[in-house]
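Here is the structure we will look at.
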Amino acid sequence: MSSKDWIEKDFYAVLGVDKAASADDVKKAYRKVARESHPDHNPGDPKAEERFKAASEAYNVLSDSGRRREYDEMRSLFGSGAFRRNARGGGQPGGTPFDVSDMFGGAGGGDRRFGGAGFQDLFSSIFSGGQAGGQAAPRGPARGRDVETEVALDFGDAVRGVTLPLTLRAPGVCDTCHGNGAKPGTQPRTCPVCHGAGVTTRDQGSFSFSEPCRNCQGVGTVVEEKCPECHGSGGVTKTRTMNVRFPAGVADGQRIRLAGRGEPGERGGPAGDLFVHVKVRPDELFGRTGDDLTLSVPVTFAEAVLGTDLRVPTLDGAVTLRVPPGTPSGRVLRARGKGVVRRDGQAGDLLVTLDVVVPARLSDEARTALESFAEQTPPAAREHLDARVRRVS
Ligand SMILES: [Zn+2]
Ligand SMILES: [Zn+2]
């Protein structure tokens, strides 16, 4: 006895009852058949014995409401083919909660002829059959894979935009054998096991299952003399170089998508995309905040106090900035339009931070002049701090 019994056997017919028969009717029907076919009443009659066993088996299932329901479900599912579809998707067939482990438990309950192992075999065949069917189906165009790579740009290149040659290593089709894996001058042979189908079919009871051919790994052909370039795989690692345009203003950490620049598609499918992760090397002078460039400029105390014109570099030239008299340390001056030129033609600014530097050493003359200056100027405005100090001390 095997697991396909439930699917193949019509327990209702064995007992001679309708599928909608009540539990009572089932019991009555069983008793009738059992009485008629009992070996004690039919000594030496193998047909009667067979019928008696079949009735016991049928009643064993139909008398248990849980198992009867499972049996009904299973027969309707396999009968309609619904389970096969659902098994692939892993869903619940027919909207009815359908627990495979429950079914094993129910089927195995106290009757070793309904052992769970058989069911497991059957189910694993169905599942693998479903997958194999998917692989073996004629394959249509496939989109090429996306490719990711990283590139480091100079600060100025990132601001201005740049076109760079980018070299990518990716799997590709072997040029020597054009991907069939056979030594030039030879041809792959049709697989003798699957006769080129790439799948083999296995029968299990009233079902047959397809799986990828083990001999040719589902390809349908076998290579006898291997291509020396790719060693029969048909694939090699290919290096390709392409020019990639990085737009002006590309930022550190940005990911640029180049549509259709990934791996080529198969069988006429579109190419994948190329994703480039951008790293921007820092500049020794300039920093960057969004579209603004930043620059720190040291100024003397006298320049900050008296005011001055500063000539400062921009990324591509120089610009004169007016420092008004009385400019505090840390003041940010703005050179409009000297930042990153965006794609819409608008540009960020160059932000110049003034850094008043304190001389570490002074000449005697400078010291004398500074002391004279100090006598002539009011003290720094820190009365509010002095007041707090007096309160706490
Ligand atoms: Zn090759
Ligand atoms: Zn084969």
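The values are calculated or read from the model by the stated rules, or taken from the named source; none is laboratory data. Keep in mind the model is a prediction, meaning the values are calculated, not measured. Cβ sites come from the backbone with ideal geometry, for glycine too, and all protein chains shown count toward neighbours. In case anyone asks, the SASA skips ligands and DNA or RNA and just uses the protein heavy atoms, side chains included. Shrake-Rupley method; radii C 1.70, N 1.55, O 1.52, S 1.80 Å.
So, in region 289-303, how many residues would count as being touching a Lys or Arg at 6+ places or on another chain (Cβ under 8 Å), free of Cβ contacts under 8 Å to residues at least 60 places away in the same chain and aliphatic (A, V, I, L, M)?
Going residue by residue through region 289-303, those that are touching a Lys or Arg at 6+ places or on another chain (Cβ under 8 Å) are 291, 293-294.
From what is left, the residues that are free of Cβ contacts under 8 Å to residues at least 60 places away in the same chain are 291, 294.
Subset that is aliphatic (A, V, I, L, M): none.
Going through region 289-303 one residue at a time, the tally reaches 0.
Restricting to region 195-221, what's the tally of residues that are open to solvent by 70 Å² or more (accessible area, probe 1.4 Å) and either near ligand 2 (Cβ under 8 Å from one of its atoms) or under 20 Å from residue 234 (Cα atoms) (or both)?
Total meeting the criteria: 5.
Output yes when any residue across region 245-259 is touching a strand residue (DSSP E or B) at 6+ places or on another chain (Cβ under 9 Å), within 16 Å of ligand 1 (Cβ to nearest atom) and either in contact (Cβ under 8 Å) with a residue 60 or more places away in the chain or polar (S, T, N, Q) (or both), and no when none is.
no
Quick test for you: out of 341, 312, pick the one residue that is more than 45 Å from the chain's Cα centre (by Cα), in contact (Cβ under 8 Å) with a residue 24 or more places away in the chain and surrounded by 11 or more Cβ atoms within 10 Å (Cβ to Cβ).
312
Within the bounds of region 23-31, is there any residue that is at pLDDT 80 or above, at positive phi and either of a type in the set (A, V, I, L, M) or open to solvent by less than 70 Å² (accessible area, probe 1.4 Å) (or both)? Show your work before the answer.
Looking only at region 23-31, we keep the residues that are at pLDDT 80 or above, and these are 23-31.
Cutting the leftovers down to at positive phi gives us none.
Checked region 23-31: no residue is at pLDDT 80 or above, at positive phi and either of a type in the set (A, V, I, L, M) or open to solvent by less than 70 Å² (accessible area, probe 1.4 Å) (or both).
Across region 180-193, what is the total count of residues that are more than 16 Å from ligand 2 (Cβ to nearest atom) and either of a type outside the set (Lys, Arg) or surrounded by fewer than 11 Cβ atoms within 10 Å (Cβ to Cβ) (or both)?
Of the residues in region 180-193, 3 are more than 16 Å from ligand 2 (Cβ to nearest atom) and either of a type outside the set (Lys, Arg) or surrounded by fewer than 11 Cβ atoms within 10 Å (Cβ to Cβ) (or both).
Would you be able to tell me the number of residues in region 227-244 that are within 17 Å of residue 148 (Cα to Cα) and within 8 Å of ligand 1 (Cβ to nearest atom)?
0
If I filter region 364-393 down to residues being part of a loop (DSSP other than H, G, I, E, B) and within 14 Å of residue 301 (Cβ to Cβ), which single residue comes out as nearest to the chain's Cα centre (by Cα)?
Per the stated criteria, the residue is 380.
Quick one: would you say residue 4 is open to solvent by 30 Å² or more (accessible area, probe 1.4 Å), touching a strand residue (DSSP E or B) at 6+ places or on another chain (Cβ under 8 Å) and modelled with pLDDT under 85?
yes
Consider only pairs whose beta carbons are under 9 Å apart and that are at least six residues apart or on different chains; among these, list those whose first residue lies in region 50-75 and is in contact (Cβ under 8 Å) with a residue 40 or more places away in the chain and whose second residue is of a type in the set (S, T, N, Q) and open to solvent by 60 Å² or more (accessible area, probe 1.4 Å).
Hits for this filter: zero, empty list.
Write out, first by first residue and then by second, each pair whose Cβ atoms fall under 9 Å of each other, whose residues are 6+ apart or on separate chains, and whose first residue, in region 189-212, is on the phi > 0 side of the Ramachandran plot while the second is among the aliphatic types (A, V, I, L, M) and within 16 Å of ligand 1 (Cβ to nearest atom).
What qualifies is 198/219.
Which residues, taken from region 280-295, are open to solvent by 70 Å² or more (accessible area, probe 1.4 Å) and among the acidic types (Asp, Glu)?
284
Being under 18 Å from residue 250 (Cβ atoms), assigned to a helix (DSSP H, G or I), more than 16 Å from ligand 2 (Cβ to nearest atom) and modelled with pLDDT of 90 or more is the requirement here; does residue 151 meet it? Quick ask: steps written out before the conclusion?
Values: under 18 Å from residue 250 (Cβ atoms): yes; assigned to a helix (DSSP H, G or I): no; more than 16 Å from ligand 2 (Cβ to nearest atom): yes; modelled with pLDDT of 90 or more: yes.
Considered against the rule, which asks whether it is under 18 Å from residue 250 (Cβ atoms), assigned to a helix (DSSP H, G or I), more than 16 Å from ligand 2 (Cβ to nearest atom) and modelled with pLDDT of 90 or more, residue 151 comes out as no.
So which of 192, 188, 212 ends up being farther than 30 Å from residue 292 by Cα and either within 16 Å of ligand 1 (Cβ to nearest atom) or polar (S, T, N, Q) (or both)?
Step by step, each of 192, 188, 212 is checked, and only 188 is farther than 30 Å from residue 292 by Cα and either within 16 Å of ligand 1 (Cβ to nearest atom) or polar (S, T, N, Q) (or both).
Taking the criterion of being more than 12 Å from ligand 1 (Cβ to nearest atom) and without any contact (Cβ under 8 Å) to a residue 24 or more places away in the chain, would at least one residue in region 160-183 satisfy it?
Scanning region 160-183 turns up no residue that is more than 12 Å from ligand 1 (Cβ to nearest atom) and without any contact (Cβ under 8 Å) to a residue 24 or more places away in the chain.
Looking only at region 344-363, count every residue that is open to solvent by less than 60 Å² (accessible area, probe 1.4 Å) and under 48 Å from the mean Cα position of the chain (by Cα) and tell me the total.
8
Are any residues in region 159-179 on the phi < 0 side of the Ramachandran plot and either among the charged types (D, E, K, R) or open to solvent by 60 Å² or more (accessible area, probe 1.4 Å) (or both), and if so, which ones? If you could, list the steps in order and put the result at the bottom.
So the first thing to find is which residues in region 159-179 are on the phi < 0 side of the Ramachandran plot, and the list is 159-160, 162-177.
Residues satisfying the conditions are 160, 163, 165, 167, 169, 171, 173, 175.
Going through region 44-67 one residue at a time, which ones are assigned to a helix (DSSP H, G or I), of a type in the set (Ser, Thr, Tyr) and either under 15 Å from residue 31 (Cβ atoms) or at pLDDT below 80 (or both)? Step through it out loud before you land on a result.
Step one: of region 44-67, the residues assigned to a helix (DSSP H, G or I) are 46-62, 65-67.
Next cut, of a type in the set (Ser, Thr, Tyr) only: 56, 59, 65.
Residues satisfying the conditions are 56, 59.
Among the residues that make up region 223-236, is at least one of them more than 17 Å from residue 187 (Cβ to Cβ), of a type in the set (Ser, Thr, Tyr), more than 14 Å from ligand 2 (Cβ to nearest atom) and surrounded by fewer than 18 Cβ atoms within 10 Å (Cβ to Cβ)?
Scanning region 223-236 turns up no residue that is more than 17 Å from residue 187 (Cβ to Cβ), of a type in the set (Ser, Thr, Tyr), more than 14 Å from ligand 2 (Cβ to nearest atom) and surrounded by fewer than 18 Cβ atoms within 10 Å (Cβ to Cβ).
Of the conditions (1) over 34 Å from the mean Cα position of the chain (by Cα); (2) at negative phi, residue 155 satisfies every one except a single condition; which number is it?
Checking residue 155 against (1) over 34 Å from the mean Cα position of the chain (by Cα); (2) at negative phi, the one that fails is (1).
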